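Each remark here refers to the structure printed beneath this line.
The values are calculated or read from the model by the stated rules, or taken from the named source; none is laboratory data. This is a predicted model, so every value here is computed, not measured. Heads up, the Cβs are rebuilt from the backbone with ideal geometry, glycines too, and the neighbour counts pull from every protein chain shown.
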Amino acid sequence: MLGILSNHSHKNCSMKNIIITGGAGFIGSHVVRLFVNKYSEYRIINVDVLTYAGNLENLSDIESAPNYVFERVDIVDAAAVDALFDKYQPEGVIHLAAESHVDRSIKDPLAFVRTNILGTVNLLNSFKRIHEDFEGKRFYHISTDEVYGTLGKEGLFEETTPYDPNSPYSASKASSDHFVRAYGETYGIPYVVTNCSNNYGQNQFPEKLIPLFINNIVEEKPLPVYGDGQYTRDWLYVVDHARAIDLVYHEGENGETYNIGGFNEWTNIDLIKVLCAQMDEKLGREKGSSEKLITYVKDRPGHDRRYAIDATKINKELGWAPSVTFEEGLAITIDWYLSNAEWLKNVTSGTYQEYYDNMYAKR
């Protein structure tokens with residue numbers, strides 16, 4: 001059922017309600033912005049509980065748009081989710097809300113079970129309950145490449161790669177993926193699932209590698225590198241990911257999975273060196289000065305060696321491809337953080353700084 005929700009189909013209809021969960025978060029805010037600006041015929045309901053990683057400042061540019069609504073709801077609260085779905089009767093759900101940081105999942109696995117598994121099932125139950133007929137409806141679940149486990153030196157994750165999660169975070173996302181597919185098979189809910197690689201870009205909470213290191217370089221703090229620094233990840237610019245989500249939501253085929261990756265593998269240490277070089281140039285520092293901040297720290301448990309996504313399917317079937325090279329996307333990202341020092345200061349003033357100072361004190 002291709003193109004069930006093409007952006008031409010609703011021009012003369014009443015406004016369609018789409019719930020985007022986690023819309024105040026990093027990836028979610030880019031998706032909300034894109035949909036609000038691009039689809040005036042949709043009412044976008046941004047649902048977020050505003051944990052440490054959710055920030056409405058991310059959406060200050062569209063908060064007064066006529067087709068945008070914010071609802072502070074915890075998806076773990078089934079009654080609150082039911083009330084939300086009763087109020088808006090959404091035709092579509094784009095589900096991004098998740099606990100997403102591996103280190104935090106090692107420290108507090110139950111938080112990940114509650115949000116990522118129970119929260120997803122609550123959304124599925126409410127969606128199933130309000131619709132007698134699923135024609136033209138869609139539940140879109142955004143997941144991660146970490147559900148596939150780890151790769152050796154060769155090969156790529158494909159949509160058919162068996163699941164083999166190694167951290168509490170990836171196990172919780174694998175479970176939620178299975179629930180979405182099971183509800184599709186059991187109850188006929190039309191769904192799509194995407195599994196993406198590491199995102200980077202504007203508005204990312206600085207517990208993740210790139211914004212953390214930009215911040216540490218500015219403040220001339222150590223750059224903590226796990227193990228030998230040879231862990232390899234595929235990097236995806238968040239604006240390109242939002243474009244892919246738009247495409248899959250409107251043109252993807254029900255019951256299908258699409259892997260979204262940047263065709264862009266880097267070892268951690270090579271990425272950090274590129275970042276250091278760009279930062280030295282942008283800050284007017286002596287070449288090589290930021291690299292001196294690199295500090296190797298004890299590895300984390302269950303650390304997957306390599307992830308890399310084969311994004312051939314979404315490229316061939318839906319025509320999606322990244323719009324920027326990694327170096328271009330990184331330059332845009334660094335410029336954003338350097339010109340939004342106040343945003344960075346606001347989000348790093350809480351418990352995050354303490355958490356990381358404690359972790360890296362052990363190096």
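One table, with the values for the structure above:
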| item | result |
| --- | --- |
| Subset of the stretch 98-116 (residues that are closer than 13 Å to T51 by Cβ and among the hydroxyl-bearing types (S, T, Y)) | S100, T115 |
| Residue check for I294: over 27 Å from K221 (Cβ atoms) and touching a residue at least 12 places away in the same chain (Cβ under 8 Å) | no |
| Candidate set from the stretch 280-339 (those that are in a loop (DSSP other than H, G, I, E, B), surrounded by 14 or more Cβ atoms within 10 Å (Cβ to Cβ) and among the acidic types (D, E)); member that is modelled with the highest pLDDT | D310 |
| Looking only at the stretch 38-58, and only at residues there that are in a helix (DSSP H, G or I), modelled with pLDDT under 95 and not acidic (D, E), the one that is nearest to F205 (Cα to Cα) | N58 |
| Complete set of residues in the stretch 77-101 that are hydrophobic (A, V, I, L, M, F, W, C), crowded, with 19+ Cβ neighbours inside 10 Å and more than 17 Å from I18 (Cα to Cα) | A98 |
| Restricting the stretch 185-242 to residues that are of a type in the set (F, W, Y) and in a strand (DSSP E or B), the residue that is nearest to T312 (Cα to Cα) | W235 |
| Candidates F35, F70 - the one that is of a type outside the set (A, V, I, L, M), within 20 Å of the chain's Cα centre (by Cα) and either in a loop (DSSP other than H, G, I, E, B) or surrounded by 22 or more Cβ atoms within 10 Å (Cβ to Cβ) (or both) | F35 |
| Which listed residue is more than 22 Å from R138 (Cβ to Cβ) and surrounded by fewer than 19 Cβ atoms within 10 Å (Cβ to Cβ), from N268, N264 | N268 |
| Contacts under 6 angstrom Cβ, first residue in the stretch 28-57 being touching a residue at least 24 places away in the same chain (Cβ under 8 Å) and polar (S, T, N, Q), partner assigned to a helix (DSSP H, G or I) and crowded, with 20+ Cβ neighbours inside 10 Å, 6 or more apart | S29/N58; S29/L59; N46/V32 |
| Any chance L124 is in a helix (DSSP H, G or I), within 29 Å of P168 (Cα to Cα) and without any contact (Cβ under 8 Å) to a residue 12 or more places away in the chain | no |
